[in-house]
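The values are calculated or read from the model by the stated rules, or taken from the named source; none is laboratory data. As the structure is a prediction and not an experimental result, all values here were calculated from the model. Counting neighbours? That spans all protein chains shown, and the Cβs are built from the backbone with ideal geometry, glycine included.
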């Protein structure tokens, strides 16, 4: 039997996740990875898990091990209300839906919103995982220009004025891959434009609690809740292996996302949701966030210091106030995909920037760096090594 002939046409649009493939390559001993967007294991509250399990078992008994509603474990939905209020979203527990990580939400949104050929507006660059989730549904992308303050409103308005855009996908705070944050004044303008054209925003917000300087900024969704789907996750603040994400959406979209989820996994793990509910309501999350920030802040500071000290002329980089990434742009003649092969041979790896663009011809001279997984000392040595590699290249 030729099983390949059994595959659907959709599989032609399901490429491998480049970052996952890079992580496979760099998993060998001695390799220093600046590639993955992975929380440090030191950020996991492992010391409290025995107590959490005990509390969950005593409080919820067999309910924590049983099938549950697709919309989510109600105590967790209740626990998320004040977290969403901090982001400017005043919602009831019934308006919150729990998912198996935020990635599942992106795929489900593609399933219920995208017809073949539909236009989807994304930042340039944007999150690779979103492109991977949307691609099987065969959209066409409009890449909206960005600068150091993120998406540029004038280009968004131009796209909405001249095209029928199905939705706009943004990560406004500590964006993946650039680390950039859209300032409040620009958020107000973006919200005005979206409202003017009655467009739909998908706002992805996994990093906002990882702020090392500056002031918290409320979400764009808080300005236009009727025109937005707001997505977030506990993966960066609890433990990514538990796969707890959540979203808030207008009723009709929430209805269809519920039906889509029923066809995918019925519901998110009840036990994991119960653990998350106790993690929040018992005050552990509130205590853990400052510890995570103090873990990551010196790492980010060291990477920025090392970039300034060791990178050759012709390179620029973002200077985020938080998050997990720094975006580097090199001279236009460099192709970072080829440079990364040289770096891997020298036991260091990053993610080439072109994979974060809907147009594969863009971003070839860019790279994304992650600082969460290694110590400040290793970060300095890694950037020094990276700088020396760049200096050794022809025409550098």
Checklist entry - Of 326, 378, which residue is modelled with pLDDT of 95 or more and farther than 26 Å from residue 120 by Cα? => result 378
Checklist entry - Does region 267-289 contain at least one residue that is farther than 23 Å from residue 54 by Cβ and either in contact with a helix residue (DSSP H, G or I) (Cβ under 9 Å, 6 or more places away or on another chain) or part of a strand (DSSP E or B) (or both)? => result yes
Checklist entry - Taking interchain pairs and intrachain pairs at least six residues apart, which have beta carbon atoms under 6 angstrom, with the first residue in region 218-235 and in a loop (DSSP other than H, G, I, E, B) and the second surrounded by fewer than 19 Cβ atoms within 10 Å (Cβ to Cβ)? => result 218/88; 219/88; 222/88; 224/195
Checklist outcome for this item: Here the residues within region 320-338 that are part of a loop (DSSP other than H, G, I, E, B) and either in contact with a helix residue (DSSP H, G or I) (Cβ under 6 Å, 6 or more places away or on another chain) or buried (at least 23 other Cβ atoms within 10 Å of the Cβ) (or both) are 320, 323, 324, 330
Checklist entry - crowded, with 24+ Cβ neighbours inside 10 Å and touching a helix residue (DSSP H, G or I) at 6+ places or on another chain (Cβ under 8 Å), is that true of residue 223? => result no
Checklist entry - Are any residues in region 17-37 in contact with a helix residue (DSSP H, G or I) (Cβ under 9 Å, 6 or more places away or on another chain) and modelled with pLDDT under 70, and if so, which ones? => result 17, 18, 19, 22, 25, 26
Checklist entry - From the set of residues in region 249-266 that are modelled with pLDDT of 95 or more and assigned to a loop (DSSP other than H, G, I, E, B), which is nearest to residue 54 (Cα to Cα)? => result 249
Next on the checklist: Taking the conditions exactly as written (at pLDDT below 95, more than 18 Å from the chain's Cα centre (by Cα) and surrounded by 16 or more Cβ atoms within 10 Å (Cβ to Cβ)), does residue 79 satisfy them or not?
Outcome noted: no
Checklist entry - Would you say residue 121 is modelled with pLDDT of 95 or more, more than 22 Å from residue 265 (Cβ to Cβ) and buried (at least 19 other Cβ atoms within 10 Å of the Cβ)? => result yes
Next on the checklist: residue 362 - would you say it is over 30 Å from residue 140 (Cα atoms) and in contact with a strand residue (DSSP E or B) (Cβ under 9 Å, 6 or more places away or on another chain)?
Outcome noted: no
Next on the checklist: Looking at region 187-202 only, could you name the residues that are part of a helix (DSSP H, G or I) and touching a strand residue (DSSP E or B) at 6+ places or on another chain (Cβ under 7 Å)?
Outcome noted: 190, 194
Checklist outcome for this item: All conditions in (1) in contact with a helix residue (DSSP H, G or I) (Cβ under 8 Å, 6 or more places away or on another chain); (2) buried (at least 18 other Cβ atoms within 10 Å of the Cβ); (3) at pLDDT 95 or above are true of residue 358 except (3)
Item to check | Qualifying position, being modelled with pLDDT of 95 or more, more than 23 Å from the chain's Cα centre (by Cα), farther than 24 Å from residue 262 by Cβ and exposed (fewer than 12 other Cβ atoms within 10 Å of the Cβ), among 61, 54, 6 | outcome: 54
Checklist entry - Within region 203-216, is there a residue that is closer than 19 Å to residue 114 by Cα, buried (at least 23 other Cβ atoms within 10 Å of the Cβ), in contact with a strand residue (DSSP E or B) (Cβ under 6 Å, 6 or more places away or on another chain) and at pLDDT 95 or above? => result yes
Checklist entry - Regarding residue 377, is this residue surrounded by fewer than 20 Cβ atoms within 10 Å (Cβ to Cβ), more than 30 Å from residue 134 (Cβ to Cβ) and not assigned by TED's automatic domain parsing to the domain that holds residue 236? => result yes
Next on the checklist: So for region 169-179 (the condition being at pLDDT 95 or above, surrounded by fewer than 19 Cβ atoms within 10 Å (Cβ to Cβ) and not assigned by TED's automatic domain parsing to the domain that holds residue 304), does at least one residue qualify?
Outcome noted: no
